[in-house]
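Chemist: Below you will find the structure I want to go over with you.
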Amino acid sequence: MKTNHEFKVNDLVTLINPKATQELEAANGAIDWPVPVISQYGQRVHCWNSQRREFTITLSATEIKKVD
């Protein structure tokens with residue numbers, strides 16, 4: 001599967017490997033997947049968590065995909 005690493009504002013994204021959820025939630029609070037993209041700067045994708053707090057997904061460490 002080819003993974004697109006370019007995301008637009010308001011794209012809904014989810015983790016490809018659900019095991020990474022625990023690490024992200026431990027650092028960022030509850031996350032209801034899929035999450036909306038706020039912005040992207042290179043390998044850093046900024047999203048909202050369940051409490052509307054921003055968190056960052058680093059693409060080199062965590063694989064995500066756009067939800068259709």
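Chemist: Need the failing condition index for residue 56 against (1) under 8 Å from the mean Cα position of the chain (by Cα); (2) surrounded by fewer than 10 Cβ atoms within 10 Å (Cβ to Cβ), just the number.
Modeler: (2)
Chemist: While we're looking at this one, here's another question. Is there a residue in segment 12-29 that is in contact with a helix residue (DSSP H, G or I) (Cβ under 7 Å, 6 or more places away or on another chain) and hydroxyl-bearing (Ser, Thr, Tyr)?
Modeler: No, segment 12-29 has no match at all.
Chemist: Continuing with this model, one more query. When segment 9-39 is examined, which residues are found to be touching a strand residue (DSSP E or B) at 6+ places or on another chain (Cβ under 7 Å) and among the polar types (S, T, N, Q)?
Modeler: Scanning segment 9-39 gives 10, 14, 21, 28, 39.
Chemist: Could I ask something else about it? Residue by residue through segment 12-26, note down the ones that are under 11 Å from the mean Cα position of the chain (by Cα) and over 14 Å from residue 49 (Cα atoms).
Modeler: Across segment 12-26, the qualifying residues are 16, 20.
Chemist: Starting from segment 6-21, keep only residues that are surrounded by 14 or more Cβ atoms within 10 Å (Cβ to Cβ), then list their pairs with residues that are hydroxyl-bearing (Ser, Thr, Tyr) and in a loop (DSSP other than H, G, I, E, B) whose Cβ atoms are within a distance under 7 Å, requiring at least 6 positions of separation or different chains.
Modeler: What qualifies is 15/62; 20/62.
Chemist: Looking only at segment 31-49, which residues are at negative phi and open to solvent by 50 Å² or more (accessible area, probe 1.4 Å)?
Modeler: 32, 33, 34, 41, 43, 44, 48
The values are calculated or read from the model by the stated rules, or taken from the named source; none is laboratory data. All values derive from a computational prediction rather than experimental measurement. Note that each Cβ is placed from the backbone with ideal geometry, even for glycine, and that neighbours are counted across all protein chains shown. What goes into the accessible areas is simple: the full protein's heavy atoms, side chains included, and nothing from ligands, DNA or RNA. Shrake-Rupley method; radii C 1.70, N 1.55, O 1.52, S 1.80 Å.
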